[in-house]
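The values are calculated or read from the model by the stated rules, or taken from the named source; none is laboratory data. Since the structure is predicted, the reported quantities are computational estimates derived from the model, not experimental observations. As a convention, Cβ positions derive from the backbone with ideal geometry for all residues, glycine included, and neighbour counts pool all protein chains shown. Ligands, DNA and RNA are stripped out before the accessible areas are found, and what is left, the full protein with its side chains, is counted by its heavy atoms. Shrake-Rupley method; radii C 1.70, N 1.55, O 1.52, S 1.80 Å.
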Amino acid sequence: MAKFIVFEGPDRGGKSTQANLLRKYLEAAGYNVLQTREPGGTPVSEGIRKILLDPENSVSPRAELLLYEASRAQHTEEKILPALQEDKIVICERYTMSTCAYQGYGRGFDMDLINTVNNIATHGLQPDLTFVFLMSDKYFTERGEYLFSDRLELEGNEFREKMRQGYKELVKITPNAVLIDADNTVEEIHAKVLGHLKEFNIL
Ligand SMILES: Nc1ncnc2c1ncn2[C@@H]1O[C@H](COP(=O)(O)OP(=O)(O)OP(=O)(O)O)[C@@H](O)[C@H]1O
Ligand SMILES: [Mg+2]
């Protein structure tokens, strides 16, 4: 039973932590799973990821938008669509909603334009379920203390607040999207994720 599950939200909200936990849970339950992430997931996309996240690079907003979409196009065609054809459950960290949040709410690109390029990059493929992990800003430093800060994580509080507001709006207007309070513990959030998978008949 092919299903496409996306983990979204601002930086350090726990996407990777929860994606790893869910993959392990599903594999232990006997499901065939592909865990992947954007930008990246294929050699071409990982190359683009390096360009995008390198703090040394000055990337213009238009180039940034198109690089994300180029990475997404390659990743969708090379990994996500074939895995779904093989009836796998695909867990992907970040997808089209990230571009709506970062390039739409963050950089101010027109949302219709973003939806158009998102559709080109994905062949119109939409997630069966999108989790949006939102945490209070007070945890941003705490949870990232020992982490390397990439180019987008260096944007500052104001940009992060815009992201949070953007994601809150996006959850409301996106089909099959649920908001997860990422201030909770790892275990509590994992339990919520499983609950929603049941609610959406994925488990
Ligand atoms: N619920 C939680 N409570 C406390 N710490 C957490 C929680 N979830 C994740 N963390 C910790 O916060 C940090 C960021 O988590 P994680 O890498 O999963 O977030 P992310 O959303 O994938 O971040 P990025 O956007 O940078 O990829 C990690 O050090 C992780 O161990
Ligand atoms: Mg991550």
| said: Rounded to the nearest 10 Å², what accessible area does Lys3 have for a 1.4 Å probe in the complete protein model? | reply: 40
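Anything over 26 Å Cα to Cα? Flag those among Lys15/Lys198; Lys50/Lys88; Lys50/Lys192; Lys24/Lys168; Lys50/Lys172; Lys15/Lys50, in the order listed.
Numbers: Lys15/Lys198 19 Å; Lys50/Lys88 28 Å; Lys50/Lys192 33 Å; Lys24/Lys168 28 Å; Lys50/Lys172 32 Å; Lys15/Lys50 19 Å.
Beyond 26 Å between Cα atoms: Lys50/Lys88; Lys50/Lys192; Lys24/Lys168; Lys50/Lys172.
At 37 °C and a viscosity of 0.692 mPa s, what translational diffusion coefficient does Stokes-Einstein give for the stretch 37-147, taking Rh as the Kirkwood radius over Cα pairs? Give it in µm²/s as a whole number.
217
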| Once the Cβ-Cβ distance between Asn176 and Tyr25 is put in as r, and R0 is 25 Å, what FRET efficiency do you end up with, to the nearest 0.05? | 0.80
| request: Taking the Cα centre of the chain as origin, work out the dipole magnitude from +1 charges on Lys and Arg Cβ and -1 charges on Asp and Glu Cβ, in debye rounded to 20. | output: 240
| request: State log₁₀ I(q)/I(0) for the chain at q = 0.08, 0.09, 0.13 Å⁻¹ as given by the Debye formula over alpha-carbon point scatterers of equal weight, solvent excluded. | output: -0.25, -0.31, -0.69
| remark: For Ser98, the accessible surface traced by a 1.4 Å probe with all protein chains present amounts, in square angstrom to the nearest 10, to 10
| note | Only helices counted: for the chain, with every DSSP H run of 4 or more residues adding -39500 (n - 2.57) and the sum spread over all residues, [θ] at 222 nm is -15000 deg cm²/dmol
| Accessible area of Tyr31 in the full protein assembly, 1.4 Å probe (Å², nearest 10) | 80
| the stretch 1-19 versus the stretch 53-96: alpha-carbon centroid distance in Å | 14
| task | Go through Arg160, Arg37, Arg72 and list them by solvent-accessible area, largest first, probe radius 1.4 Å. | result | Arg37, Arg160, Arg72
| request: At 7 Å along the Cα-to-beta-carbon direction for both Glu77 and Lys168, put a label point, then send me their distance in nm to one decimal. | output: 3.9
| message | With a 1.4 Å probe and all protein chains left in place, how much of the accessible area of the stretch 3-199 comes from carbon and sulfur atoms, in whole percent? | response | 51
| request: Could you check the simple spin-label distance between Ile51 and Asn119, using points 7 Å along Cα→Cβ, in nm with one decimal? | output: 2.6
| query | Taking a probe of 1.4 Å, how large is the accessible area per residue of the stretch 3-199, in Å²? | reply | 48
| note | Sorted by accessible surface (1.4 Å probe, heavy atoms of the protein chains only), largest first, Thr174, Thr17 come out as Thr17, Thr174
